[in-house]
Structures are given as C-alpha cells and as structure tokens.
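Accompanying notes for the structure given below.
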Amino acid sequence: MASDAEQGQLQAAPESFLSRDLVEGISRDGINPGRRSLLQGAFTAAAASMVAPSLMADDDPDIVNLPSWTRSLGKPVVANPYGQPSPYEANIVRRQSPGLTRTDQSSVSFTPLQNLFGMITPSGLHFERHHQGWVDIDPRRHRLMINGLVDTPMVFTMEELLRMPSVSRIHFLECGANTGLEWGNVAVPTVQYSHGMLSASEFTGVPVSLLLERAGFDRKRATALLAEGADGSSMTRTINLENALDDALVAYGQNGEMLRPENGYPLRLVVPGVQGVSWVKWLRRLEVGDAPWATKDEVAHYVDLMPDGTHRQYTSIQEAKSVITAPSGGQKLLKQGYYDITGLAWSGRGSVEKVEVSVDGGRNWRPARLEGPILPKALTRFHFDWVWQGEEALLQSRVTDSTGYIQPSRAQLVALRGTRSIYHNNAIQTWRVGGNGEVHNVQLG
Amino acid sequence: MCSWARGVLIALLWGTSTTALASGVPEGVEVLGRPATDTEVIAWDIDVRPDFLGLPPGSGDVWQGEETWLAQCASCHGDFGDSNEIFAPLVLGYITEDDIKTGRVAALQDSAVTRTTLMKVATLSTLWDYIFRAMPWNAPKSLTHDEVYGLVAYLLNLGYVVEDDFVLSDSNIAATQALMPNRNGMSREHGLWSVRGEPDVTGSSCVRDCDVGTAVISSLPDYAMNAHGNLAEQVRDWGPYPGLWTAPDNMATDQAVAEVAAAPDAALNAGGCAGCHQMSGQLVGPDFEAIRARYAGEEHIAYLRDKIANGGVGVWGSAPMPAMPGVDDDALQQIVAWLISGDGG
C-alpha cells in the first residue's frame with residue numbers, strides 16, 4: 001500500500017507511483033505550480049485506489065483508514081536481543097567517501113550528522129578511522145602495560161581496570177583531518193562527508209593520572225606519554241603529559257556499554273579536546289618519557305603543511321568549531337515557512353560560550369539558542385528559529401568558546417595557513433539555500 | 001625506551017616496599033596491577049625515539065634492503081617506492097643535494113609537487129620504528145631487526161640520500177640522521193600542542209553589516225554531485241529535509257533490468273567489495289558494470305569464484321585484488337550469480 005508513507009510528504013517515495021518525468025523534473029527544477037497539481041492528482045489517485053468509503057478532501061487517510069500496525073498483534077520481546085533502528089532509518093549509516101582512500105583497512109567512514117539529534121552519537125554510527133584494519137580482541141587476554149619513567153613498570157588486566165575507581169564523562173572526538181577535504185575548494189556534497197569525522201560519547205574509564213600515580217611516574221622528568229595500540233599497526237602517538245594528567249582516561253565504556261570493536265574494544269585512550277588519532281584504540285601500553293617520540297603519525301601524517309614548506313608537528317588541540325547539520329548540503333526544503341536550523345558546536349580548549357547564526361553569508365549574525373547541558377570538550381547542540389520565504393540564503397554558524405576564541409572564517413584561516421595543511425580546518429561552513437529549496441555546500445569570498 | 005636495569009632494581013624492591021601512594025589513589029588500589037617482568041617489557045616496548053633510545057643493535061645494506069623490499073614491500077609500494085596505486089608514494093625524486101645540505105625540502109613549497117614520505121620525514125627513527133612495528137601491511141612485526149636496517153638503507157638510497165654501497169647500522173644511524181633531507185622542516189611554533197596554547201588565527205566578532213565577501217567562489221559542479229552516490233538515499237527520506245536526487249538519469253531508466261538482477265548489496269558490503277569496486281566507474285578495481293559486461297554467462301562461474309576467493313592481479317590493471325576470505329559461500333554464490341547475470345547495463 002502506498003498510503004502509509006505518502007500523505008503530507010511530497011517526495012517520500014516518489015518513484016512508487018509518480019511518473020519518472022515528474023520526479024526528474026522536481027529533482028532538477030523543484031516544484032512549480034504545474035508539478036504541484038500533478039502531484040496532488042497522483043496523491044488523489046493513490047488514495048482513491050484504497051478502500052476508503054467516506055474519505056473527504058480534508059480527511060487524512062492515515063487517520064481515517066487505520067494502518068496495519070493498529071489492527072494487528074505486534075512482535076514479541078527479544079525479537080531483536082540487541083535492538084536495531086527502525087527499517088525506515090536504513091539510510092542513516094556510516095559511509096565512505098569514494099576514492100578518498102584506496103584500501104578499506106586504512107580508511108575512514110563518516111558519521112551521518114545531518115540526521116542526528118542532541119549531543120551524543122549512537123555507538124554504531126560513531127565514525128571510523130583505522131590505520132591497519134580493526135580487530136576483535138579477547139578481553140581476557142588483553143593487558144595494559146605502563147612503563148618508562150616510572151618506579152615500577154606495571155601490568156593491568158581488564159578485570160583489574162574494571163575494579164579501579166572509574167569516571168564517566170561526555171566528550172567529543174574529532175579527527176584532526178575532519179573537513180580536511182575542503183581546504184582548497186568545495187569537494188564533498190554533504191555534512192556527513194565534510195564534518196562527519198566527528199562523534200561524541202559518554203566514555204567510562206580510569207583516569208590516566210591515577211594509573212600513572214599507581215606506577216609512580218617521575219614527576220620531575222616526565223613531559224610526555226607514548227600511547228600504543230594492540231592491533232597490527234600498534235599505532236603510537238605522543239600525548240602531552242599536561243593533557244594526560246588533566247582529564248585523560250583509559251576508557252572501556254562508551255554510551256553505557258563496552259566500547260565497540262571499531263572504537264577500540266576493550267580499551268582506548270580518551271584525550272578530551274585532542275584530535276582523534278591520539279585517542280589510541282585497543283590500547284596496550286602507556287610509556288612515560290621526557291621527549292616526544294616523532295611517531296609515523298607525527299612525522300609523515302598529521303603534520304600541517306604551512307605555505308613556507310614547514311610542517312607543524314604535534315598539532316593536537318581541536319580548536320573551537322561549529323557547523324549547521326540541518327538543513328545542510330544535499331538536502332532540500334520542500335515548503336516555505338518555519339524551520340529549526342540546528343547544529344553542533346565544540347571546543348578542544350573548553351566549553352561553548354556562544355553560537356551565532358547568519359542567514360546572509362556572514363554579514364549579519366544573531367545568537368542561537370544553546371541546548372544544555374553545556375559541557376567542556378563536548379558537543380553542544382544549538383538551534384535557531386528561521387522563517388524561509390523562498391529567498392536565497394547563505395547559512396553559517398560561528399562559535400565562541402570559554403577562552404574567548406572565535407571560530408574563524410575560511411578566508412581568515414587560509415590567509416595564515418594556506419590551503420595545503422589538510423589538518424585542523426575549523427573554518428565557518430556555508431550552506432547555500434537556493435530559491436528552489438536545494439541546499440548546497442559552498443565557499444564564499 | 002627500556003631501562004631494564006632500573007626495572008630489575010625496582011622489581012627487587014617491590015616485594016618489601018610499602019611506599020605510600022600519592023594522593024589521587026584510594027587506599028586498597030595498590031592490590032590492582034602487578035610489576036611487569038623484564039621479558040614482558042622487552043616484548044612490547046619496541047618504540048624508537050628520535051634520539052634512537054630504544055633502537056636495537058643491528059645492520060643492513062642497500063642490497064639486502066632491496067631484496068627484502070622486492071619480496072615484502074614492492075607489491076604495494078612499487079619496486080622503487082614510487083607507486084601511487086595503494087598508498088601515497090614513499091619516494092619520487094624532488095629531493096635535491098641542496099635539500100640534504102640545508103635539511104629543508106624546497107619542493108614542499110610547490111603545490112604542484114606530490115608530497116612523498118621521504119620529503120616529509122624529518123627523523124630517521126620514525127622510518128625504523130614504523131617499518132618494524134607495522135610492516136609489512138598484512139604481516140606486521142614479521143621483519144628482523146637487520147631486515148629493517150636494510151629496508152631503511154634501501155629507501156634512503158632510492159632518495160639519493162646514501163650511495164649504493166651504504167650499510168646502515170646502530171653505530172652510524174645518528175650520523176645518517178644528519179643527512180635527512182627534511183630534518184629541519186618541522187616546526188613546533190604553534191599553539192596546538194597545549195590546551196593552553198595561543199591560537200594563531202581568530203575570527204571576527206562583528207555582528208552587523210560585516211564587511212565579508214558573500215560571492216560563491218566554490219561549489220560542486222553538477223557533474224560531481226553524484227560522485228558520492230545518490231544523496232536522496234543517504235538522508236532520512238521522510239523528514240523535513242529529503243536528500244537531493246543525484247543519481248544519473250540512466251540509472252532510473254534501467255529500473256526494469258535492475259529489478260531482475262538487483263545487486264546483492266548485503267553480500268558486497270559484508271565482503272568489503274565496495275571499498276575497491278563501485279557500480280560505475282573505475283575505483284581501485286574495475287567497476288561492476290565492466291565486470292558484468294565481460295563475464296556475463298554461466299561459463300564464468302568457476303573463474304569468478306576463484307578470483308574472489310583467492311585474489312589475483314593483472315587482469316584489469318596493476319593493483320592486486322586480495323583474496324577475500326571474508327566472503328562466505330552464500331555471499332560468494334550471490335555475488336557470482338549477479339555478476340554473470342547481465343551485460344552490466
């Protein structure tokens with residue numbers, strides 16, 4: 001039956017009963033009065049084909065004709081022992097950007113930010129970035145070693161780590177290369193690909209400071225930590241000891257359950273505010289040292305190329321950034337009237353103080369409404385009331401964080417850093433809403 | 001870094017020590033965890049720092065390195081480290097004698113030049129460390145210390161940093177570091193290391209009639225709107241913001257064909273096929289349309305089953321197709337049945 005999905009939504013599943021020419025015309029040029037009447041005709045025809053004895057023009061068939069789920073016995077408990085999203089949400093999945101990487105093991109999948117709500121990313125939609133594939137680790141055989149400048153090199157089992165005093169905190173996790181494709185020009189169509197190496201979770205684990213104290217680290221000499229994974233790449237990153245002692249966690253929990261394998265099961269480092277590559281997954285070892293290690297991802301990658309040919313090394317902090325997630329690139333406004341412009345803001349140096357939204361490309365700004373709780377180094381959801389009257393609009397958001405730092409425009413960022421640095425692009429994003437309602441990724445100048 | 005003697009000393013003291021733990025550690029937590037043994041630390045502590053702390057003794061020459069390279073590395077990186085098929089090139093030229101003198105690779109200022117690993121890497125320790133811990137790609141940690149020395153020597157030779165008769169060892173590696181072409185190319189003059197660092201760029205606080213350019217200077221051209229697939233199928237399709245229909249027109253007109261032989265998406269995704277193959281247009285491997293055009297017909301079943309299960313190279317290009325053990329028999333059957341079922345549209 002076509003009735004379940006159609007009424008009230010012009011384009012929900014047009015191919016089911018609209019003519020191909022009409023659909024293509026709408027996709028190409030939007031809905032004009034001629035097409036609108038054709039659409040209405042099609043709806044009427046679809047509705048008429050059902051058993052609807054007393055349906056008047058103003059009656060909604062989805063109300064008058066009781067749907068099947070209202071007239072049948074539902075499914076039993078534990079039909080899905082681990083619950084799954086509705087089949088109607090099947091489009092909302094992690095996706096790869098075609099051609100971005102040439103292997104699936106050293107690759108990225110992006111979080112579908114355009115369709116998420118609130119400040120937490122569902123664990124199954126948390127973006128992935130692996131360097132040599134992901135692994136399934138037996139927690140009984142996993143160990144954490146702490147060595148280097150410590151009184152006693154130590155080994156902990158997972159059982160021991162789960163017995164230790166723990167904390168749960170909500171933090172964002174953003175890849176240093178998020179929005180990296182957009183330095184030079186617009187390269188991708190949607191917020192999933194432009195900003196989707198961003199997720200946020202509640203992480204549960206043991207403070208790194210507690211473990212370092214337990215091992216008796218050398219407070220006088222220690223300046224840095226090496227974090228190392230247990231996967232094939234045994235990926236390593238140097239962590240600023242200041243960050244590590246401040247709020248880093250050795251985490252096993254994510255959103256109330258154990259970490260997902262793609263996110264480091266059974267143990268990962270959480271370094272709030274710092275780029276994702278430092279949140280070493282499948283964490284097996286922390287080494288205390290007095291100098292940075294210049295690991296592969298601190299020398300060949302995750303170094304930011306400046307116009308003079310130098311690379312900035314050990315760039316770690318994710319500076320304040322925001323993006324409108326809906327409406328956003330690749331989407332379409334079907335009707336004029338009220339819209340709740342919404343998006344996310346975050347800062348690796350603190351909390352979100354203010355978000356402003358512009359609908360005219362940055363000429364005029366008005367404050368957005370922040371949704372609580374507003375937590376340090378976490379995502380903050382913002383909203384902005386907007387009445388669209390069919391005019392062309394250039395949507396932007398701009399965050400100010402608790403240090404007073406204001407998110408720069410792309411022009412401001414590029415003026416100093418050039419366009420080839422790949423990493424740490426926190427520029428203001430622009431979405432252009434056309435008169436036909438289509439939303440496109442654009443850059444202004 | 002291993003401080004083995006120190007570790008032994010501490011381990012001896014451990015049994016009798018009742019050192020009070022620092023304030024952040026609650027009483028009783030000291031029963032959790034145990035001292036690591038020397039053997040355990042040696043087994044895991046494999047990192048090598050820029051000052052070569054942690055570097056194990058050994059040596060290898062350019063010729064040994066080349067031999068190991070051709071056997072273990074060339075299939076992905078190319079015989080001369082210049083392949084761009086699987087990973088970005090490791091070595092491609094662009095390094096001059098002057099760079100080796102100054103320690104700055106001048107070509108990094110040229111946006112037209114492909115940046116290779118050897119152009120960027122400032123520290124020799126990084127090459128040694130990473131090759132030993134993570135290479136080869138499908139069998140990390142299988143190389144001996146001497147093999148790694150040889151491979152590093154070979155890479156440096158490919159970049160004209162050392163001569164053909166060069167032998168790299170733990171005793172000359174520090175001197176060799178002084179030849180690294182981009183050894184002075186890294187900067188830590190930025191505010192992104194510390195959470196309290198100073199930002200280099202700040203935005204504007206202007207809120208009214210701000211002087212900014214609002215002309216669109218970059219957007220996706222129409223022909224690229226489908227590069228990421230049909231956006232209408234990538235967003236919630238019933239909410240206030242449906243996705244734009246960006247599928248090419250011919251996709252719709254062939255709907256009847258598609259219904260007869262719908263792609264086994266689940267099997268293709270589970271098998272990881274889509275990472276290298278897409279429906280239309282060459283990616284790493286050939287596109288499915290081309291494969292289906294070439295292998296329509298039941299006579300190709302055995303051949304395709306073998307290629308998917310066991311991999312191959314050279315049929316469509318130089319990028320190897322790996323064996324796909326993740327494709328189980330059901331999936332294999334579905335995929336092959338689909339591949340032979342049509343002319344690829």
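The values are calculated or read from the model by the stated rules, or taken from the named source; none is laboratory data. Keep in mind that what you see is a predicted model, and the values were worked out from it rather than measured. As a convention, Cβ positions derive from the backbone with ideal geometry for all residues, glycine included, and neighbour counts pool all protein chains shown.
Couple of notes before you dig in:
- Any hit, the stretch A:330-343, residues being under 20 Å from the mean Cα position of the chain (by Cα) and in a loop (DSSP other than H, G, I, E, B): yes
- Candidates B:V207, B:V216, B:V167, filtered to the one that is more than 20 Å from A:D304 (Cβ to Cβ), more than 7 Å from every other protein chain (Cβ to nearest Cβ) and of a type in the set (V, I, T): B:V167
- Of all the listed residues (B:A263, B:A337), the sole one being more than 30 Å from B:G78 (Cα to Cα), part of a loop (DSSP other than H, G, I, E, B) and at pLDDT 70 or above is B:A263.
- Taking the stretch A:328-347 as the range and being crowded, with 24+ Cβ neighbours inside 10 Å and either more than 7 Å from every other protein chain (Cβ to nearest Cβ) or without any contact (Cβ under 8 Å) to a residue 24 or more places away in the chain (or both) as the test, the residues that pass are A:S328, A:G329, A:G343, A:L344, A:A345, A:W346, A:S347.
- Enumeration of residues in the stretch B:172-204 that are more than 14 Å from B:G103 (Cα to Cα) and touching a residue at least 40 places away in the same chain (Cβ under 8 Å): B:I173, B:A174
- For the stretch A:311-322, the set of residues classified as in a strand (DSSP E or B), facing chain B (nearest Cβ under 7 Å) and touching a residue at least 12 places away in the same chain (Cβ under 8 Å) consists of A:R312, A:I317, listed by residue number.
- Filtering B:V161, B:V152, B:V148 for residues that are part of a loop (DSSP other than H, G, I, E, B), at pLDDT 95 or above and of a type in the set (V, I, T) leaves a single hit, B:V161.
- Selection status of B:A107, at the interface with chain A (Cβ under 9 Å from one of its Cβ atoms), free of Cβ contacts under 8 Å to residues at least 24 places away in the same chain, over 22 Å from B:D45 (Cβ atoms) and buried (at least 17 other Cβ atoms within 10 Å of the Cβ): yes
- Top-ranked residue in the stretch B:116-137 [being closer than 13 Å to B:D51 by Cβ and part of a helix (DSSP H, G or I); ranked as nearest to the other protein chains (Cβ to nearest Cβ)]: B:T126
- The criterion of at least 3 residues that are under 21 Å from A:G180 (Cα atoms) and modelled with pLDDT of 95 or more is met, among strands (runs of 3 or more DSSP E) falling completely within the stretch A:374-445, by A:393-401, A:430-433, A:439-444.
- A:T325, sole failed condition from (1) out of contact with any Gly (no Cβ under 8 Å at 6 or more places or on another chain); (2) outside any loop (DSSP other than H, G, I, E, B); (3) surrounded by 20 or more Cβ atoms within 10 Å (Cβ to Cβ): (1)
Condition check ((1) over 22 Å from the mean Cα position of the chain (by Cα); (2) not aliphatic (A, V, I, L, M)) across all residues:
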| position | (1), (2) |
| --- | --- |
| B:V105 | yes, no |
| B:L118 | no, no |
| B:S125 | no, yes |
| B:I131 | no, no |
| B:W137 | no, yes |
| B:P140 | no, yes |
| B:D146 | yes, yes |
| B:L155 | no, no |
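- Index of the failed condition, A:G350 passing every other in (1) part of a strand (DSSP E or B); (2) touching a Pro at 6+ places or on another chain (Cβ under 8 Å); (3) at the interface with another protein chain (Cβ under 9 Å from one of its Cβ atoms): (1)
- Entry remark, the stretch B:173-193: residues being surrounded by 15 or more Cβ atoms within 10 Å (Cβ to Cβ) and either part of a loop (DSSP other than H, G, I, E, B) or more than 7 Å from chain A (Cβ to nearest Cβ) (or both) number 13 in total.
- Those helices (runs of 4 or more DSSP H) of the stretch B:24-103 in which 1 or more residues are within 23 Å of A:E298 (Cβ to Cβ) occupy B:38-44, B:74-77, B:97-102.
- From A:S234, A:S194, residue being among the hydroxyl-bearing types (S, T, Y), on the phi < 0 side of the Ramachandran plot and at pLDDT 95 or above: A:S194
Conditions (1) in a strand (DSSP E or B); (2) in contact (Cβ under 8 Å) with a residue 40 or more places away in the chain; (3) under 25 Å from the mean Cα position of the chain (by Cα); (4) not assigned by TED's automatic domain parsing to the domain that holds A:W134, marked per residue:
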| residue | (1), (2), (3), (4) |
| --- | --- |
| A:A200 | yes, yes, yes, no |
| A:T204 | yes, yes, yes, no |
| A:R214 | no, yes, no, no |
| A:R219 | no, no, no, no |
| A:E228 | yes, yes, yes, no |
| A:N243 | no, yes, yes, no |
| A:A251 | yes, yes, yes, no |
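- In the stretch A:404-445, the residues that are closer than 28 Å to B:E189 by Cβ, among the aromatic types (F, W, Y) and more than 7 Å from every other protein chain (Cβ to nearest Cβ): A:Y423
- Residue check for B:V212: assigned to a loop (DSSP other than H, G, I, E, B), closer than 22 Å to A:L444 by Cα and free of Cβ contacts under 8 Å to residues at least 24 places away in the same chain: yes
- Among the residues of the stretch A:360-373, those that are surrounded by fewer than 19 Cβ atoms within 10 Å (Cβ to Cβ) and part of a loop (DSSP other than H, G, I, E, B) comprise A:R363, A:N364, A:E371, A:G372, A:P373.
- Where strands (runs of 3 or more DSSP E) fall wholly inside the stretch A:131-190, the ranges with 2 or more residues that are at negative phi and more than 9 Å from every other protein chain (Cβ to nearest Cβ) are A:167-174.
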